[in-house]
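The values are calculated or read from the model by the stated rules, or taken from the named source; none is laboratory data. Because the structure is predicted, anything quoted here is derived from the model rather than measured. Every residue, glycine as well, gets a Cβ built from its backbone with ideal geometry; the counts of neighbours run over all protein chains shown. Note: areas computed on protein heavy atoms with side chains; ligands, DNA, RNA excluded. Shrake-Rupley method; radii C 1.70, N 1.55, O 1.52, S 1.80 Å.
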Amino acid sequence: MELSALDRSRMPVHVAIVMDGNGRWAQRRGLPRTDGHAAGEEALLDTVWGALDAGVRWLTVYAFSTENWKRPVDEVRFLMNFNDRLLVGRRDELHAKNVKVQFLGRRDWRVPRRVLRRIEETERLTADNTAMTFSMAFNYGGRAELVDAVREIVREGVPADKVDEKTIRRHLYDPSMPDPELVIRTSAEYRISNFLLWELAYSELVFTDVLWPDFRRGDLYSAIGEFQRRDRRFGGLTDADPAG
Ligand code: IPE
Ligand code: IPE
Ligand code: MG
């Protein structure tokens, strides 16, 4: 789908994507799974620039889950190095286009120190950028995010009856991040797999058969087109935002 076919007055502010199907993409070509991850880089960059052109203000992608540590050590190592290289290779371009890059996830001992350092450098470099916030969910789990929020709330000694939805939101990894209106998952998998559990309560979900390495901005625009055809009610009767 072309950008010109979309209703520019109804663009989602925040789009989140589960980038799935890299392994199958490679296997279908008789290649090692890791080649599929490598091929995902072009898909990611085209999607970032496509989102930027469309005026999407927040883009969040699922790059590595808290469950992905279960994979073979070689694949995990590849993914750590891959994300490291991606940051180094692309951050100047992202910075030049005024994109703020940030990471959502646990910065624990399992993430190599070199990668953590790169994450911090990239966040610092792009901190004041304003065109779009591009979040990489990395060593991210929706349940882990809620556990971390609860730990923080308990540590602060907040009395039980003072805990409400706002308290929880304030303790998420990025309290300023609006909920995604649209969540896309590629590769014909119809589940959430621990992505943004709190944030997607009222997100429109769009599933596509396209494997992540084949995904391009046109696929993003098609998903936004589908989103624009949906009727969002938030439990009420009209298409109105619950916060608004
Ligand atoms: C998504 O592709 C990338 C990550 C989970 C890191 P997969 O590696 O899950 O690919 P499939 O689902 O096995 O095809
Ligand atoms: C979700 O995909 C995580 C990422 C895309 C990073 P998975 O491929 O890990 O999810 P499952 O195992 O199919 O649920
Ligand atoms: Mg998968």
Quiz item: Quick one: would you say M136 is under 28 Å from L79 (Cβ atoms) and away from ligand 2 (no atom under 15 Å from the Cβ)?
Solution: no
Practice problem: Select from the range 203-212 the residues that are under 14 Å from the mean Cα position of the chain (by Cα) and either open to solvent by 50 Å² or more (accessible area, probe 1.4 Å) or polar (S, T, N, Q) (or both) and list them in ascending order. | Solution: S203, L205
Quiz item: Which members of the range 59-74 meet the condition of being surrounded by fewer than 17 Cβ atoms within 10 Å (Cβ to Cβ) and in a helix (DSSP H, G or I)?
Solution: W69, K70, V73, D74
Quiz item: Can you tell me which residue in the range 26-42 is nearest to I184 (Cα to Cα), limited to those that are crowded, with 17+ Cβ neighbours inside 10 Å and away from ligand 2 (no atom under 12 Å from the Cβ)?
Solution: A39
Self-check item: Hey, L200 surrounded by 17 or more Cβ atoms within 10 Å (Cβ to Cβ), within 16 Å of ligand 1 (Cβ to nearest atom) and of a type outside the set (S, T, Y) or not
Solution: no
Quiz item: Can you spot a residue in the range 213-228 that is part of a loop (DSSP other than H, G, I, E, B), under 18 Å from the mean Cα position of the chain (by Cα) and of a type in the set (A, V, I, L, M, F, W, C)?
Solution: yes
Exercise. Evaluate the range 17-25: report whether one residue or more is open to solvent by 60 Å² or more (accessible area, probe 1.4 Å), assigned to a helix (DSSP H, G or I) and within 14 Å of Q228 (Cα to Cα).
Key: no
Quiz prompt | Residue check, V88 open to solvent by 40 Å² or more (accessible area, probe 1.4 Å) and modelled with pLDDT under 95 | solution = yes
Quiz item: Just checking, how many residues over the range 180-193 are surrounded by fewer than 24 Cβ atoms within 10 Å (Cβ to Cβ), under 11 Å from Y62 (Cα atoms) and away from ligand 1 (no atom under 11 Å from the Cβ)?
Solution: 1
Quiz item: Restricting attention to the range 148-176, which residues are within 26 Å of K100 (Cβ to Cβ), part of a helix (DSSP H, G or I) and aliphatic (A, V, I, L, M)?
Solution: A149, I168
Practice problem: Kindly establish whether V48 is buried (at least 21 other Cβ atoms within 10 Å of the Cβ) and in a helix (DSSP H, G or I). | Solution: yes
